[in-house]
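First comes the structure, then the notes that go with it.
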Amino acid sequence: MIRLFVAIPLPESVRENLFGIACGLHGARWIDPDRMHLTLRFIGEVDGATADDIADALDAIAMPEPDIQLRGLGMFSDKRGGGMLWAGVRPNEGLMRLRGKIEQALIRVGMEPDRRKYHPHVSLARLSGDSARVLPFLQLRGDYLGEPFRVGEFILYSSFLGHGSGALYREEVVFPLGDKVRAESMWMATAGAEE
């Protein structure tokens, strides 16, 4: 079984800019900039054959490269007293179109539709304790506005639970947007070498 999700990688300059606000919030566990991404669809655990079907379905997606911009900071809270600090995304028709195409591709290969409302964001920090202490940080920096960037590709990632350092991500297949070229599957090449 392999645990998968689909996401947009962030340009280095965007990740560095986000990491620049990673201070002044007591108890926050900031996410390493190398792990920052914009999730389009969480898939979950699937077997190898299903993963191959998903990769083939996603490879059929063709559309122009959207331009997106991160805007605003916010927080998700959980019932255990923790939460997640995130950077939001300026409303964007191209991003939502890409998300819709991915959702339809996954449904065509037998995945259940995602019933949750999609809220595009980039996770910045895991929070613990009283969420009220986050409010001054959000008042000070909540009007964050990042630089616009063009989305030239989306990626099928696998996720592995690490020991104490959070999940580890690996690029499995890269799907270019705009001028379409065949996506290359890292796991298919690896699987072929192991047989």
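Quick check on Gly88: is it within 22 Å of Val134 (Cα to Cα), of a type outside the set (Phe, Trp, Tyr), in a loop (DSSP other than H, G, I, E, B) and in contact (Cβ under 8 Å) with a residue 12 or more places away in the chain?
no
Looking at segment 148-159, is at least one residue surrounded by 13 or more Cβ atoms within 10 Å (Cβ to Cβ), at pLDDT below 70 and either in a helix (DSSP H, G or I) or not aliphatic (A, V, I, L, M) (or both)?
Checked against the condition, which is being surrounded by 13 or more Cβ atoms within 10 Å (Cβ to Cβ), at pLDDT below 70 and either in a helix (DSSP H, G or I) or not aliphatic (A, V, I, L, M) (or both), segment 148-159 yields no hits at all.
Would you confirm, using the coordinates I've provided, whether Ala60 is over 13 Å from the mean Cα position of the chain (by Cα), within 18 Å of Ile155 (Cβ to Cβ) and not acidic (Asp, Glu)?
So Ala60 fits the description; yes.
For segment 75-85, which positions are of a type in the set (Gly, Ala, Ser), part of a strand (DSSP E or B) and surrounded by fewer than 17 Cβ atoms within 10 Å (Cβ to Cβ)?
Residue satisfying the conditions is Ser77 alone.
Quick check on segment 45-58. Is at least one of its residues on the phi < 0 side of the Ramachandran plot, without any contact (Cβ under 8 Å) to a residue 24 or more places away in the chain and exposed (fewer than 13 other Cβ atoms within 10 Å of the Cβ)?
The answer is yes; a qualifying residue exists.
With the requirement that a residue be among the hydrophobic types (A, V, I, L, M, F, W, C), closer than 30 Å to Asp47 by Cβ and either crowded, with 16+ Cβ neighbours inside 10 Å or in contact (Cβ under 8 Å) with a residue 24 or more places away in the chain (or both), what does segment 97-133 give you?
Result: Leu98, Ile102, Ala105, Leu106, Val109, Met111, Val122.
Kindly provide the set of residues from segment 15-39 that are of a type in the set (A, V, I, L, M, F, W, C), surrounded by 17 or more Cβ atoms within 10 Å (Cβ to Cβ) and touching a Phe, Trp or Tyr at 6+ places or on another chain (Cβ under 6 Å), ordered by number.
If the condition is that a residue be of a type in the set (A, V, I, L, M, F, W, C), surrounded by 17 or more Cβ atoms within 10 Å (Cβ to Cβ) and touching a Phe, Trp or Tyr at 6+ places or on another chain (Cβ under 6 Å), then Leu25 is the only one that fits.
Which of the residues belonging to segment 139-160 are out of contact with any strand residue (DSSP E or B) (no Cβ under 6 Å at 6 or more places or on another chain) and among the aliphatic types (A, V, I, L, M)?
The one that is out of contact with any strand residue (DSSP E or B) (no Cβ under 6 Å at 6 or more places or on another chain) and among the aliphatic types (A, V, I, L, M): Leu140.
So is Phe76 of a type in the set (Phe, Trp, Tyr) and modelled with pLDDT of 95 or more or not?
no
So how many residues does segment 40-77 have that are within 16 Å of Gly88 (Cα to Cα) and of a type in the set (Gly, Ala, Ser)?
3
Considering only segment 1-28, state which residues are assigned to a loop (DSSP other than H, G, I, E, B) and free of Cβ contacts under 8 Å to residues at least 40 places away in the same chain.
Selection gives Gly20, Cys23.
The values are calculated or read from the model by the stated rules, or taken from the named source; none is laboratory data. Nothing here was measured: the structure is a model prediction, and the numbers come from that model. Heads up, the Cβs are rebuilt from the backbone with ideal geometry, glycines too, and the neighbour counts pull from every protein chain shown.
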